[in-house]
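Quick note: the coordinates plus some simple rules give every number you see, no bench work behind them. These figures come from a predicted structure and were not determined experimentally. No Cβ is skipped: glycine too gets one built from the backbone with ideal geometry, and neighbour counts run over all protein chains shown.
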Amino acid sequence: MPHWAVLVLALALLNAALTIVNIWPTPFVRLSGDVSLELALVAAFLALVWRAIMPRRVAAVRVLAVAWVALLVGRYADVTAQSMWGRPINLYWDVPHVPSVGAMFSAVAHPALIAGVLAALVLVPVVLYLPLRWAWGRVIDALPMAPVRHALVGVAVAATAVGAAQRLGEPVPQWPGVATPVTLVWARQAGQVAYEMSGAGVRALGEPPTFASTFSAIRGADVLLLFVESYGAVSWERPAFAQALAASRAELDAAITDTGRGVVSTWLDSPTFGGESWLAHISLLSGTEIRDGGANLRLMAQQRDTLVKAFGREGWRTVAVMPGIRGAWPQGAFYGFDTIIDANAMPYEGPSFGWWDVTDQYCLALVDQREVAPANRPPAFIVFPTLSTHTPFTPTPPYQPDWSRMLTATPYDQAALDETWGIQPDWLDMGPDYVRALNYATRTFAGYLRQRAGHDLVLILIGDHQPPALVTGEGAPWTVPMHVITSRTALLDRLAARGFTRGLRPTGPVRSKMHAVVPALLEAFGDE
């Protein structure tokens, strides 16, 4: 092969490494046809200092190949996170959660898939390094030729000019495009570290909100606040999902009406997307918008009032139902719960359903037995982040109409279990699993309302975030539904006057960000 052809092939390989784009909704990538500004600038720099490079050729090739592997990993992580999870990657806060996420998926993935992922983690860096080292070797070997050096410098100048013009909206061709430099991804990660160390994050939290309310409009009622995992606007707005969920939602609507209750709903903007549910929990319960793990830790290090403490001051017994917590949970002290029912406090005897073991229906049955059913007690304020609709949405538990069986060792018939466990997940199309999980959750809420027909109850259902971009598609809004279900018509009227719409389906524009709905709730809970 002629020298110029080898050089072109090497440059194409190096360029492709930093310009790949994601194939939605998969973890795979494809070529984009864009030009890498990093490659153009590095190649031009080598052309300018080629005499100093040649005596150190071997070391230079190795350093460049390692650097290109790091840039390629950064590019892959950036485009894949955006496509699959719907938000930018943040290595500073995301990496510590990798082991728990991996453990969660390993509980439901096929052993062959797990083995393949582990092998890839070991082999991929080596597989990437070898061809990149070859490519940089060919580029450096071509530097003594003056036409090559002139061409590399010219391409760098042209790429810089075109890239700048394209980003400024100038009337220049958009193809070939100049890819966003991958070095910006790593620069953002370094900036995050500097931001945390500067103390700017603490100042950005702002002044703490107040939780002033007499709670007279709900005095004596049990209040259940359920963060419904991955319950996003896509479940209402995508026609295929809405149609598949119509029957279970009709069941919930009928349960509301048949038990003498009403419902108002609204749209909210969640502070997170596709995961990190605790950011939604703390934003609502603290009345402060928290959008990343750093802000979450900074807020918990302070002494602040919370919605939980406000209910406690007014005589409610405050309970956290946390089936996903298996160890220490310092957030409980920050929020001010009287008691925490975590995974260790749940004597579940039924079959396991993926990583979480327990089901939402079991958790509701357990907290009902312990906190709602007993007589001669103060009213309860119960916060329960559900689990059964968590990514990867499978296996979905069967709904058990006979709630008395949920706290026994045989909550399900074998036929129902066989049907559930016989459904194989499609990792490239998680929409059907998502719908099955939401159908289960919706039927569970309907069943609980019927179990507590006639009971003075305020049930608040709020999506913590949209499902990952694997389900929603790219560019989906961070919108979630919120429903307030109760027999207290005056409370429903007050919420309707504050922008909520009557009925189970939210309509109209997004009312507010999640933390900003708290004042409206407190006003509706208190005196006019």
> Can you list residues whose amide H is under 5 Å from M322's amide H, if they're 5+ apart or on another chain and H is modeled 1.01 Å from N?
Replying inline: I341, D342
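Grab the Cα-Cα distance for D258 and K513, subtract it from 0.36 nm times how many residues apart they are, and report the gain in nm with one decimal.
Numbers: separation 255, 0.36 × 255 = 91.80 nm, distance 3.21 nm.
Contour length minus Cα-Cα distance gives 88.6 nm.
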> In a Debye calculation with equal point scatterers on the alpha-carbon sites of the range 203-259 and no solvent, what is log10 I(q)/I(0) at q = 0.12, 0.14, 0.19, 0.29 Å⁻¹?
Replying inline: -0.61, -0.75, -0.92, -1.18
> Around H465, which amide H atoms from residues at least 5 apart in sequence, or from another chain, sit under 5 Å from its own amide H, with H modelled in the peptide plane?
Replying inline: S230, Y231
> How high is the relative contact order of the range 203-525, given as a whole-number percent (alpha carbon pairs under 8 Å, six or more residues apart)?
Replying inline: 38 percent
> Roughly how many Å is it from the Cα centre of the range 404-423 to that of the range 310-342, as a whole number?
Replying inline: 30 Å
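If each residue's Cβ is checked for other Cβ atoms within 10 Å, how do F45, F525 rank with the fewest at the top?
On the way: F45 14, F525 23.
Least to most surrounded, the residues fall as F45, F525.
Please arrange I290, I140 by how many other C-beta atoms lie within 10 Å of their C-beta, fewest to most. Provide the component values of the computation, followed by the final result.
On the way: I290 26, I140 21.
Result, fewest neighbours first: I140, I290.
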>> Between the range 425-488 and the range 228-248, how far is it from one alpha carbon centroid to the other, in angstrom?
In response: 8 Å
> What are the extents of the Cα atoms of the chain along their three principal axes, listed from largest to smallest and rounded to whole Å?
Replying inline: 91, 53, 42
> For the range 26-38, in order, what is each residue's ³J(HN,Hα) by Karplus, 6.51 cos²θ - 1.76 cosθ + 1.60 with θ = phi - 60°, in whole Hz (x at glycine and Pro)?
Replying inline: 10, x, 8, 10, 9, 6, 9, x, 7, 10, 8, 5, 4
>> Using a 7 Å offset from the Cα along the Cα-to-Cβ direction at both R326 and R56, what is the distance between the two label points in nm, to one decimal?
In response: 4.9 nm
> What is the dipole size for the chain, taken about its Cα centre, with +1 at each Lys and Arg Cβ and -1 at each Asp and Glu Cβ, in debye to the nearest 20?
Replying inline: 1480 debye
> Arranged by the count of other C-beta atoms within 10 angstrom, fewest first, what order do D305, D360, D368 take?
Replying inline: D305, D368, D360
>> Can you tell me the length gained on complete extension of the stretch Q189 to Q303, counting 0.36 nm per residue apart and subtracting the Cα distance?
In response: 38.1 nm
> Which ³J(HN,Hα) values, rounded to whole Hz and listed in residue order, are derived for the range 308-321 from phi using the Karplus coefficients 6.51, -1.76 and 1.60 in 6.51 cos²θ - 1.76 cosθ + 1.60 with θ = phi - 60°, glycine and proline given as x?
Replying inline: 4, 4, 5, 4, x, 4, 8, x, 7, 7, 9, 10, 9, 9
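Using 1/(1 + (r/R0)^6) with R0 = 30 angstrom and r between the beta carbons of Q414 and A247, what's the FRET efficiency to the nearest 0.05?
Details: r = 25 Å, r/R0 = 0.83.
My answer for the efficiency is 0.75.
Compare the peptides 7-20, 502-515 by average per-residue count of other Cβ atoms within 10 angstrom and give them in order, highest first. Could the numbers behind the result be given before it?
Values: 7-20: 19.7, 502-515: 16.6.
Order by mean packing, descending: 7-20, 502-515.
Rounded to the nearest 0.05, what FRET efficiency is calculated for V6 and F28 with R0 set to 22 Å and r the Cβ-Cβ distance?
The computed FRET efficiency comes out at 0.20.
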> Under 5 Å between amide H atoms, partner at least 5 residues away or on a different chain: which partners does L225 have, H built in plane at 1.01 Å?
Replying inline: I382, V383, F384, I460
> For the range 314-404, what ratio Rg/Rh do Cα atoms give with a Kirkwood hydrodynamic radius?
Replying inline: 0.98
